[in-house]
Amino acid sequence: MNWAETTELRAAGAESPTALRRGAAAIWISRLTLSDFRCYGQATLEADARPLVLTGPNGAGKTNLLEAVSFLAPGRGLRSARLGEMDRVAPDAEFAGPDRPWAVAARVMTPDGPRDLGTGRDPAGQSSNGRERRLVKVDGIFARGQQALGEVVGMIWLTPQMDGLFREGAPGRRRFLDRLVYCFDPAHAGRVSAYEQVMRERARLLRSVGGDAAWLASLEDSMARRGVAIAAARRALLVRLAGACEAGAGPFPRAGLGLVGEVESWLDGTSALEAEDRLRDRLAKTRGQDAETGGAAVGPHRSDMAVRHLETGVAAELCSTGEQKALLISIVLAHGRLLALERSAAPLMLLDEIVAHLDAQRRSALFEELLALGAQVWLTGTDIEVFDELRDAAQFFQVHDAQISRPDA
């Protein structure tokens, strides 16, 4: 699905720029508690609904705080780290150990009232397939999966590691797109996880001698059903998000969005059921090839998000580093406006070191957009002075050696 097709698909129902910029209620964290998470032994931060500015030297623990917040949403957090990597390691090399797994808890204020969320590594160890397990609690009750978090919190983030998103491979862009989808469709996280698990099981079975044909067919049926649902969810969001991006955000460049993928292209001219049949058939026919490569030749795991600078017409990967970052910011702001409109609640936004390389005009425009959105935004930086424009509109915290304090305390 290219940019022209995206524009055509959304033409009949896209929201106007004015509608996309309307404010909404916010989802915000009033209390965050960390236990044995990264550099933190025990830490508590209490806040109100305004943006938070976290300043301090490099290595103080600012990004670790944002990562802890990111685990209040489905997925692997803003660093995509393994669960065991979050277990505390103190500066003196003290290791909390497997018997003291990390945990994050929060009181989250929503339009429907306060909710209590908690998550952490399962102290019981690994599941039967050898993978680490993550526990989730909502309002004191264990949830069956991470989808329950997405039903409470919509969250998006930008980190310095994402600055190369357009230059690097498609997997990073798929993860970014899926993160955008989670905020609108919490079940998407479960579908992606289940699809990947089934794909791995199919690859294992294909490598075995005399793999069970009936079991392969069952796995391919599961991949087809989930794969088409994943492709359809990505496609549906990108259509709406393209309209929000075209509305623009001050001096940030407008982004043209496209989705490149075989399964997605099938949905342009066929029904979801027909696309499932087609994917199921292709998977069966490529078993020999897939047995050699250890993957799957076709499916939404091969799709990509394409981005273009609308003013210049240049593909994002060919833009300057500064313009690539500005395009990312523009997409995230558009996503926040769209989420506020469609879910009637501005999302939580985690912006790690985002203003470090913005000029004064774009920095001011970013602050203005964030305040207009009404979101609780978590911003980090080493220099408190670059946040001077937020002095009367945000709450400030200092982070030093894994200790959190108020500047005026």
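The values are calculated or read from the model by the stated rules, or taken from the named source; none is laboratory data. What you see is a predicted model; the values in this text were computed from it and never measured. All Cβ positions, glycine included, derive from the backbone under ideal geometry; neighbour counts span all protein chains shown.
Points worth noting:
- Any hit, the stretch 215-232, residues being farther than 19 Å from Glu264 by Cβ, surrounded by fewer than 21 Cβ atoms within 10 Å (Cβ to Cβ) and under 23 Å from the mean Cα position of the chain (by Cα): no
- Of the candidates Glu262, Glu246, the single residue that is acidic (Asp, Glu) and closer than 26 Å to Glu323 by Cβ is Glu246.
- Of all residues in the stretch 30-77 being in a loop (DSSP other than H, G, I, E, B) and among the aliphatic types (A, V, I, L, M), the one that is nearest to Glu196 (Cα to Cα): Ala73
Okay, residues lined up against (1) buried (at least 22 other Cβ atoms within 10 Å of the Cβ); (2) small (Gly, Ala, Ser); (3) at pLDDT below 95:
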{"position": "Ala14", "(1), (2), (3)": "no, yes, yes"}
{"position": "Ala19", "(1), (2), (3)": "no, yes, yes"}
{"position": "Ala26", "(1), (2), (3)": "no, yes, yes"}
{"position": "Ala47", "(1), (2), (3)": "no, yes, no"}
{"position": "Thr55", "(1), (2), (3)": "no, no, no"}
{"position": "Asn64", "(1), (2), (3)": "no, no, no"}
{"position": "Phe71", "(1), (2), (3)": "yes, no, no"}
{"position": "Ala81", "(1), (2), (3)": "no, yes, yes"}
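- Inter-residue pairs, beta-carbon under 7 Å, first among the hydroxyl-bearing types (Ser, Thr, Tyr) and in the stretch 379-404, second surrounded by fewer than 16 Cβ atoms within 10 Å (Cβ to Cβ) and not in a helix (DSSP H, G or I), 6+ apart: Thr382/Pro57; Thr382/Asn58
- Answer residue from the stretch 279-307, given it is assigned to a strand (DSSP E or B) and of a type in the set (A, V, I, L, M, F, W, C) and is surrounded by the fewest Cβ atoms within 10 Å (Cβ to Cβ) among those: Ala306
- Long-range neighbours under 8 Å by Cβ, at least six apart or interchain, first residue more than 19 Å from Tyr195 (Cα to Cα) and in contact (Cβ under 8 Å) with a residue 12 or more places away in the chain within the stretch 268-289, second surrounded by 12 or more Cβ atoms within 10 Å (Cβ to Cβ) and of a type in the set (D, E, K, R): Asp268/Glu5
- Test: residue in the stretch 329-343 that is out of contact with any Phe, Trp or Tyr (no Cβ under 9 Å at 6 or more places or on another chain) and surrounded by fewer than 22 Cβ atoms within 10 Å (Cβ to Cβ): yes
- Looking across the stretch 365-409, just one residue is hydroxyl-bearing (Ser, Thr, Tyr) and touching an Asp or Glu at 6+ places or on another chain (Cβ under 6 Å), and that is Thr380.
- Number of positions in the stretch 148-165 that are in contact with a Lys or Arg (Cβ under 7 Å, 6 or more places away or on another chain) and under 16 Å from Leu348 (Cα atoms): 3
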